[in-house]
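**Q** Take this structure first; my questions come after.
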Amino acid sequence: MPTVLRWHGYRFHFFSNEGSEPPHIHIEKDGAEAKFWLEPVSLARNVGFSAREIGVLERKVSDEAASFQTAWNEYFNNHR
């Protein structure tokens, strides 16, 4: 489960068995979890984050989408 970023207590990661899905990022903090698609950035799932937190996280994912996409491509191109 490659961690791509740690930011304000949030862990941004993807799972190593998800290469068949479109690029996305999981975010976890304090037992809550969200999943965002990267192209275009959109919320796929939210379990436990408030609407306010989701807004903050969506902006952060948008800001980091290119680096998340690069990490995704590098990982899955090297592990197929």
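The values are calculated or read from the model by the stated rules, or taken from the named source; none is laboratory data. Just so it is clear, the structure is predicted and the values come from calculations on it, not from any experiment. In this analysis, Cβ positions are derived from the backbone assuming ideal geometry, glycine residues included, and neighbour counts consider all displayed protein chains. Heavy atoms of the whole protein, side chains included, go into the accessibility calculation; ligands, DNA and RNA do not. Shrake-Rupley method; radii C 1.70, N 1.55, O 1.52, S 1.80 Å.
Yes or no, residue by residue, for (1) touching a Ser or Thr at 6+ places or on another chain (Cβ under 6 Å); (2) modelled with pLDDT of 95 or more; (3) not polar (S, T, N, Q):
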| site | (1), (2), (3) |
| --- | --- |
| Pro2 | no, no, yes |
| Arg6 | no, yes, yes |
| Gly19 | no, no, yes |
| Ile27 | no, yes, yes |
| Asp30 | no, yes, yes |
| Asp63 | no, yes, yes |
| Glu74 | no, no, yes |
| Asn78 | no, no, no |
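**Q** Right, something else. Looking only at region 30-57, count every residue that is at positive phi and hydroxyl-bearing (Ser, Thr, Tyr) and tell me the total.
**A** 0
**Q** Can you give me the ranges of the strands (runs of 3 or more DSSP E) entirely in the chain with at least 1 residues that are open to solvent by less than 30 Å² (accessible area, probe 1.4 Å) and not polar (S, T, N, Q)?
**A** 10-13, 24-29, 32-38
**Q** Scan region 54-68 and report the pairs whose first residue is within 16 Å of Ala44 (Cβ to Cβ) and whose second residue is open to solvent by 30 Å² or more (accessible area, probe 1.4 Å) and acidic (Asp, Glu), with Cβ atoms within less than 9 Å and a gap of 6+ or a chain change.
**A** Ala65/Glu39
**Q** Here's another thing I want to ask about it. Let me confirm something: among Val47, Val4, Val61, Val41, which residue is β-branched (Val, Ile, Thr) and over 13 Å from the mean Cα position of the chain (by Cα)?
**A** Answer to the selection: Val47.
**Q** Is it fair to say Glu28 is farther than 23 Å from Asn77 by Cα and touching a His at 6+ places or on another chain (Cβ under 9 Å)?
**A** Here the answer is yes, as Glu28 does meet what is asked.
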